[in-house]
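The values are calculated or read from the model by the stated rules, or taken from the named source; none is laboratory data. Just so we're clear, the structure is a prediction, and the values are computed from it rather than from any experiment. A quick note on method: Cβ atoms are made from the backbone with ideal geometry, for glycine too, and the neighbour counts reach across all protein chains shown. Protein only, heavy atoms only, side chains kept; ligands, DNA and RNA dropped before computing areas. Shrake-Rupley method; radii C 1.70, N 1.55, O 1.52, S 1.80 Å.
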Amino acid sequence: MDCCICLEPMSGRPPNVVVATCCGNTYHRKCANRSLQHKITCPLCRQEIPKTKEQSLAYIRNHVKNNKPWAYCLIGIYYLEGWAGLQQSKRLAEAFLERGISLGHPDHFMIADAKCELAGLLRFHDITEERKRRASILMYEAAAAGVAKAKEILDRNYMEISPDGTETPMF
């Protein structure tokens, strides 16, 4: 995927990459900042850049209504973190992340990041063996797509320590 402003490859991930909530296009942060020095509209869709978290959330919700995969993933992360005035909800985060992943292209960085976040939810919330297996698959897919957080988790082979002191690999 390339930056929609400079057309150079997107080599980074957030925070070096920005997703415009008005249209879902992606930019290098430095390109977006440079563009916003001249205009307060999106360089591609020309909509006004949201000034508040609530405005961003309104844009995202509109894109969810239009079945945009990146918007499902982004609102899932908003619910996971409790951003923009949304009450934190693992259940809603999981549902939105699952929907975004199912709709999206597997190589889009937003989908890959959503897989990493969803893997964490599945692994530590309402744990079952099936959810553990799904979490492992999602984490490996996210790492293969270049998500640094997923690679770090797999590289370190994080261990879970049970009450009796036994160490078990988490993924």
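Between Ile40, Ile101, Ile111, where does the largest GNM mean-square fluctuation fall for the chain, given springs only between Cα atoms within less than 10 Å?
Ile40
Against the longest alpha carbon principal axis of the chain, how many degrees, from 0 to 90 and to the nearest 10, is the axis of helix 129-144 turned?
50 degrees
Select one label from [x] 38, 19, 14; [y] 25, 17, 16; [z] 32, 18, 13: the one whose number is semi-axes √(5λ) of the Cα gyration tensor in Å as derived from the coordinates shown.
Only one option fits the structure, namely [z].
How far is helix 90-103 tilted off the main Cα axis of the chain, in degrees rounded to 10, range 0 to 90?
In the chain, helix 90-103 runs at an angle near 70 degrees to the longest axis.
For segment 21-116, place one equal point scatterer on every Cα, skip the solvent, and apply the Debye formula. What is log10 of I(q)/I(0) at q = 0.17 Å⁻¹?
Relative scattering, expressed as log10 I(q)/I(0), comes to -0.76.
For the chain, with every protein chain kept in place, what is the accessible area per residue (1.4 Å probe, Å²)?
Values: 9750 Å² over 171 residues.
Solvent-accessible surface per residue comes out at 57 Å².
Sum -39500 (n - 2.57) across every DSSP H segment of at least 4 residues in the chain, then divide by the residue count to get the 222 nm mean residue ellipticity, nearest 500. Let's see the in-between values first.
On the way: 7 runs with 89 residues, N = 171.
Calculated from helices alone, the mean residue ellipticity at 222 nm is -16500 deg cm²/dmol.
With r as the distance between the Cβ atoms of Glu129 and Lys51 and R0 = 41 Å, compute the FRET efficiency 1/(1 + (r/R0)^6) and round to 0.05. Kindly include the intermediate steps, with their values, before the conclusion.
Working: r = 46 Å, r/R0 = 1.13.
So, using R0 = 41 Å, E works out to roughly 0.35.
When the accessible area of segment 36-167 is split by element with a 1.4 Å probe, what percent falls to carbon and sulfur? Present the calculation step by step, with values, prior to reporting the outcome.
Details: 3950 of 7740 Å².
C and S atoms contribute 51 percent here.
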